[in-house]
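The values are calculated or read from the model by the stated rules, or taken from the named source; none is laboratory data. Only a predicted model underlies this, so the values are computations on that prediction, with no experimental measurement involved. We place every Cβ from the backbone using ideal geometry, glycine too, and count neighbours over all the protein chains shown. The accessibility values were calculated without ligands, DNA or RNA, using every heavy atom of the protein model including side chains. Shrake-Rupley method; radii C 1.70, N 1.55, O 1.52, S 1.80 Å.
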Amino acid sequence: MMQMPEPDASVLSRREAIVAALRDAVPGAVIDDPAETRVYECDALSAYRCAPLAVVLPRTTDEVSRLMSLCHQHGVPVVPRGAGTSLAGGSMPTADAVVIGLARMTEVLEIAPGDRLIRVQSGRTNLSVSGAVDGQGFFYAPDPSSQLACAIGGNIGMNSGGAHCLKYGVTTNNLLAVTMVLMDGTVVELGGPMGEAGGLDLLGVVCGSEGQLGIVTEATLRILPKPPGARPVLIAFDSSETAGACVAAIIRAGVLPVAIEFMDRPCIRATEAHAHAGYPDCAALLIVEVEGTAPEIDEQLALIRDIAQGFDPVEFRESGSEDESRRIWLGRKSAFGAMGQLGDYICLDGTIPVSALPRVLARIEELSQDYGLSVANVFHAGDGNMHPLIIHDANTPGDLDRAEALGADILRLCVEVGGCLTGEHGVGIEKRDLMTAQYTPADLEAQMRVKDVFDPRWLLNAAKVFPLDVSASRRNARPNRGRDAA
Amino acid sequence: MQTNFTPEQLKDPATARSNQILRTCVHCGFCTATCPTYQVLGDELDSPRGRIYLIKDMLEAGRPADEKTVKHIDRCLSCLACMTTCPSGVHYMHLVDHARAHIEATYRRPWRDRALRWLLKQVIPHPGRFRLALAGAKLARPFARLMPDARLRAMLAMAPKTIPPVSRNDDGQTFPAIGERRARVALMIGCAQRALNTEINDATIRLLRRAGCEVVIPEKFGCCGALTLHMGQQDDAKTRARDSIARLLAAERDGALDAIIINTSGCGTTVKDYGHLFENDDIAAEAARVSGLTRDVTEFLEGLGLPDRARTEGQGARVAYHSACSLQHGQQIKSAPGTLLTRAGFRIVEPADPHLCCGSAGTYNLLQPELSSELKRRKVATLEATSPQIIAAGNIGCMMQIGGATDVPVVHTVQLLDWATGGPRPDGLGAIA
Ligand SMILES: Cc1cc2nc3c(=O)[nH]c(=O)nc-3n(C[C@H](O)[C@H](O)[C@H](O)COP(=O)(O)OP(=O)(O)OC[C@H]3O[C@@H](n4cnc5c(N)ncnc54)[C@H](O)[C@@H]3O)c2cc1C
Ligand code: SF4
Ligand code: SF4
């Protein structure tokens, strides 16, 4: 089970004064009743829980700035929270922390279709950003499966991706500028409407920094004209390895579909039972979507069909209508919900070179047998971003520990084959202790020095990303702080 | 999600059911995005995921409900948008019903709250008393400013300007089909609806008869139980539901029913769930039969077909269709009303954010006037943005709520369908076509 640092006793002892000061700073926005703070004790990784000292729900950059400077002054840790859909425990609090939640900051501040940008408050949900420009024929490209609920601030925190990022890139490729509040309350602007601010690319540093460098309150995002059309195909195979090999071949051939999604048998079966999408009962399937004008679509699909034929697919299902397209996507979109019916799941997120897919899938299968826990795979295969879901029973003692151990083995495997611990969900607490598998002490030291610059007292989301023993000296250096065990 | 009930706790069937529901929730947060109260308040405590967490905590600890938990559960509209959104099939309705029963059993509300709830329960489900109260409210309206409680003021404001005379059509009787008889149905005439608007039942009867239905009006029909069920008063609700089941099935003595028709979708959601409510009771089979037969009037007519169109006026009128939560989320009936209205010759427009509740939600507008008016304001703004000539809805509560805040005439879907197929022009349509 994941360790969290001992809460700062000096903060806990000043609890009432801190809460009173928060109330003064932003009236009507502070939650501190233990019956209520518990609701904020976890995100979508509900296995890890810890209720915060208090939660504050500001409405403006100015309010965030006041809160931050106050917490800085009192030496109180802060955990930023968007919609709390992180699968890595990124927005899970610590007992001595104030959660600053952005859910009330949902305004659209500016829409400039001519300049292809939109400026929003960071609590606005991903899908409602597209919703705001839909009427003008535009959309915001990064599309995490959680896009209905997750917030732009959280997307920036985790540098989130989605099915269509194969073509359009992830959050960092679609982010032009942010307004960010530093831990001491200073408000900074990074990037610019044209994306090319001078000097160091600090915006690039902030995107994916998991709420450790500052709280993003406003974001300027790239919007794109909606494509004239899109069409998916479903390709079914009798082995996961062959499906993996087909993905590698499509990428090698230089075709650029907008999405290549992969599902294996356990996932297909669960999905069928739950959503009845009419998928074939096969070992693995790919959903490949291409975009463009009708002739462009036809041309790309012909190429994909040729490549797929080389791998003896058991079925190649082209969509002939809106409704058929919807049905092809239906199962994929219901996959997480369906998997929830099998039991509790941990959703992993590792990235591997596409060419290693067949090998890694075979090894995951072996590991799954060794641990006696089933693993279902559903992921963005085009960019090698895997999401093995480990099914277990959270109500059976010991099951979660085994699931975690299996998860760690799978992620180590990703690193071994030249991949990376996370594709889009971030490190959070979930992968914190595995960072040493990927980075040398010198690498980690360099990363922590970046945090030193933005947050010298290590108050912002400090128990995440870096293994506790690695970050201990910095976290413990806080003035007034009692040392923790790690 | 992991849960923490003792084997002892799980022996209670209601707790076992709640455990099962909680176990299917993966805490993904998708449901927050479509919850009306979360949209307005921006606090996870007032979102489905937050409420589920509060309920889990309360039930696991087996402790009496606390004030904060009650506050956030009370704010829930039971609109069930969260059930439509949830990818994991979490049955929030059964969970929140259990939570409300637990609150009712373990929490002592402040006296004003208790008095108000008692009053609502004594009045609304009894059409005679409700009529009296509405007349009284009309007289009292000039004194509204003296009322100490915003909720009492809301009650006064809600009373309609005119109270219709009792409709003799609502008495127990059987109306023969017009033309060839194609089905035999019982009509649930509603309780509050009968006092507020008699046109809806009259139009439904005319329409069904013209469509070839023999229509049975059950003898001395009361309340379906939805009102007190949503207040957590399960025993009271079940007494009323039991009575309704008996009266509905009595209609089968003279011949089997093909359907039980409901034109107040709020009741429809509850009646369709009788099977669950009485799962462990002596009348389980009867309850399941009633649930199985129950259809919303539009759901039924979509299958049976509309009578021929007989009218030329009003054709092409621009109708903004407001989808009642109990229809679109509670019963998952989304397209039938629009399809029928289009077939009947109207031009249907849908407002933005059609999934959001108008804030009426049974007695919610009386118990939570502030949130309710904010939701009303938003709903009316999106409806008016479609520049409609008429607004149609399938639930009396929504009609009252929206009608109180717009000059556009608001009618029940069946009134338009009746008009288009030979019935009278609905009242209040003014100069349209
Ligand atoms: C079913 C499901 C499917 C998912 N699918 C995908 C997917 O396809 N692709 C993907 O990339 N992710 C996916 N996710 C993960 C998750 O939705 C993303 O990580 C998302 O970006 C988190 O956004 P959030 O608003 O919920 O952030 P939170 O969970 O609240 O926070 C995430 C991190 O960002 C930080 N943060 C939040 N707001 C701010 C801010 N304003 N300023 C600074 N830091 C901030 C937090 O401290 C935390 O570290 C999925 C999650 C679920 C439950
Ligand atoms: S959407 Fe469903 S599974 Fe997800 S948090 Fe809400 S109720 Fe739970
Ligand atoms: S029933 Fe409606 S108000 Fe209640 S939690 Fe669900 S979506 Fe929110």
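Of all residues in region A:101-130, count the ones that are more than 19 Å from the chain's Cα centre (by Cα) and buried (at least 24 other Cβ atoms within 10 Å of the Cβ).
3
If you go through region A:462-469 one residue at a time, do you hit one that is charged (D, E, K, R), more than 16 Å from ligand 2 (Cβ to nearest atom), away from every other protein chain (no Cβ under 14 Å) and surrounded by 20 or more Cβ atoms within 10 Å (Cβ to Cβ)? Break it down stepwise before answering.
Taking region A:462-469 as the starting set, the residues that turn out to be charged (D, E, K, R) are A:464, A:469.
Add one more test, that the residue is more than 16 Å from ligand 2 (Cβ to nearest atom), and what stays is A:464, A:469.
Add one more test, that the residue is away from every other protein chain (no Cβ under 14 Å), and what stays is A:464, A:469.
Then keep just the ones that are surrounded by 20 or more Cβ atoms within 10 Å (Cβ to Cβ); that gives A:464.
So far as region A:462-469 goes, yes, one or more of its residues are charged (D, E, K, R), more than 16 Å from ligand 2 (Cβ to nearest atom), away from every other protein chain (no Cβ under 14 Å) and surrounded by 20 or more Cβ atoms within 10 Å (Cβ to Cβ).
Using the structure shown, decide if B:Thr6 is open to solvent by 20 Å² or more (accessible area, probe 1.4 Å), within 14 Å of chain A (Cβ to nearest Cβ), among the polar types (S, T, N, Q) and within 9 Å of ligand 2 (Cβ to nearest atom). So that I can check it myself, show each step before the final result.
On the way: open to solvent by 20 Å² or more (accessible area, probe 1.4 Å): yes; within 14 Å of chain A (Cβ to nearest Cβ): yes; among the polar types (S, T, N, Q): yes; within 9 Å of ligand 2 (Cβ to nearest atom): no.
For B:Thr6, the condition - open to solvent by 20 Å² or more (accessible area, probe 1.4 Å), within 14 Å of chain A (Cβ to nearest Cβ), among the polar types (S, T, N, Q) and within 9 Å of ligand 2 (Cβ to nearest atom) - is not met.
For region A:138-183, which positions are under 21 Å from A:Arg81 (Cβ atoms), small (Gly, Ala, Ser) and away from ligand 3 (no atom under 16 Å from the Cβ)?
Listed by number, the residues that qualify are A:Ser145, A:Ser146, A:Ala151, A:Gly153, A:Gly154, A:Gly157, A:Ser160, A:Gly161, A:Gly162.
Answer yes or no: is there a residue in region B:43-62 that is touching a Ser or Thr at 6+ places or on another chain (Cβ under 6 Å) and within 16 Å of ligand 1 (Cβ to nearest atom).
Scanning region B:43-62, I find at least one residue that is touching a Ser or Thr at 6+ places or on another chain (Cβ under 6 Å) and within 16 Å of ligand 1 (Cβ to nearest atom), so the answer is yes.
Do any helices (runs of 4 or more DSSP H) lying entirely in region B:38-129 carry at least 2 residues that are crowded, with 20+ Cβ neighbours inside 10 Å and within 11 Å of chain A (Cβ to nearest Cβ), and which ones are they?
Values: elements: B:48-61, B:67-74, B:81-85, B:92-106, B:111-123.
The qualifying helices (runs of 4 or more DSSP H) are B:48-61, B:67-74.
Kindly provide the set of residues from region A:31-45 that are in a loop (DSSP other than H, G, I, E, B) and open to solvent by less than 20 Å² (accessible area, probe 1.4 Å), ordered by number. Explain how you work it out, then say what you get.
Going residue by residue through region A:31-45, those that are in a loop (DSSP other than H, G, I, E, B) are A:32-33, A:41-45.
Hits for region A:31-45 are A:Glu41, A:Cys42, A:Asp43, A:Ala44, A:Leu45.
Residue by residue through region A:64-109, note down the ones that are over 24 Å from A:Ser46 (Cα atoms), outside any loop (DSSP other than H, G, I, E, B) and either without any contact (Cβ under 8 Å) to a residue 12 or more places away in the chain or hydrophobic (A, V, I, L, M, F, W, C) (or both).
A:Val64, A:Leu67, A:Met68, A:Leu70, A:Cys71, A:Gln73, A:Val108, A:Leu109
Is it the case that some residue within region B:386-395 is modelled with pLDDT of 95 or more and in a helix (DSSP H, G or I)?
Looking for residues that are modelled with pLDDT of 95 or more and in a helix (DSSP H, G or I), one finds none in region B:386-395, hence no.
Kindly check whether there is at least one residue in region B:40-58 that is hydroxyl-bearing (Ser, Thr, Tyr) and in contact with a Pro (Cβ under 7 Å, 6 or more places away or on another chain). Full working, then the answer.
First pass over region B:40-58, keeping only residues hydroxyl-bearing (Ser, Thr, Tyr): B:47, B:53.
Then keep just the ones that are in contact with a Pro (Cβ under 7 Å, 6 or more places away or on another chain); that gives none.
Among the residues of region B:40-58, not one is hydroxyl-bearing (Ser, Thr, Tyr) and in contact with a Pro (Cβ under 7 Å, 6 or more places away or on another chain), which makes the answer no.
Can you pull out the residues in region B:400-422 that are buried (at least 19 other Cβ atoms within 10 Å of the Cβ) and under 25 Å from B:Arg210 (Cα atoms)?
Of everything in region B:400-422, those that are buried (at least 19 other Cβ atoms within 10 Å of the Cβ) and under 25 Å from B:Arg210 (Cα atoms) turn out to be B:Val410, B:Val411, B:His412, B:Thr413, B:Val414, B:Gln415, B:Leu416, B:Leu417, B:Asp418, B:Trp419, B:Ala420, B:Thr421.
Given the residues A:Ala249, A:Ala302, A:Ala270, which is the only one that is surrounded by fewer than 18 Cβ atoms within 10 Å (Cβ to Cβ), in a helix (DSSP H, G or I) and touching a residue at least 60 places away in the same chain (Cβ under 8 Å)?
Values: A:Ala302 fails: touching a residue at least 60 places away in the same chain (Cβ under 8 Å); A:Ala270 fails: surrounded by fewer than 18 Cβ atoms within 10 Å (Cβ to Cβ).
After ruling out the rest, the residue left standing is A:Ala249.
Could you please tell me which pairs satisfy a Cβ distance under 8 Å, a separation of 6+ or placement on different chains, a first residue in region A:126-155 that is farther than 21 Å from A:Val378 by Cα and touching a residue at least 60 places away in the same chain (Cβ under 8 Å), and a second residue that is within 16 Å of ligand 3 (Cβ to nearest atom) and open to solvent by 10 Å² or more (accessible area, probe 1.4 Å)?
A:Ala151/A:Ala83; A:Ala151/A:Ala103; A:Ala151/A:Thr125; A:Ile152/A:Thr125; A:Gly154/A:Ala83
Which of the residues belonging to region B:235-275 are part of a helix (DSSP H, G or I), within 17 Å of B:Arg184 (Cα to Cα) and open to solvent by 20 Å² or more (accessible area, probe 1.4 Å)?
Scanning region B:235-275 gives B:Arg247, B:Leu249, B:Ala250, B:Glu252, B:Arg253, B:Asp254.
Anything in region B:16-30 that is more than 7 Å from ligand 2 (Cβ to nearest atom) and either outside the structural domain of B:Lys56 (by TED's automatic domain parsing) or open to solvent by less than 30 Å² (accessible area, probe 1.4 Å) (or both)? List them, or say none.
Result: B:Ser18, B:Asn19, B:Ile21, B:Leu22.
Please give the strands (runs of 3 or more DSSP E) falling wholly within region A:132-231 in which 2 or more residues are within 18 Å of the chain's Cα centre (by Cα).
Values: elements: A:175-181, A:187-191, A:215-222.
Result: A:215-222.
With respect to A:Gly84, is the statement that it is of a type outside the set (Ser, Thr, Tyr), under 25 Å from A:Pro34 (Cβ atoms) and within 16 Å of ligand 2 (Cβ to nearest atom) true? Give the derivation first.
Details: of a type outside the set (Ser, Thr, Tyr): yes; under 25 Å from A:Pro34 (Cβ atoms): yes; within 16 Å of ligand 2 (Cβ to nearest atom): yes.
It is true that A:Gly84 is of a type outside the set (Ser, Thr, Tyr), under 25 Å from A:Pro34 (Cβ atoms) and within 16 Å of ligand 2 (Cβ to nearest atom).
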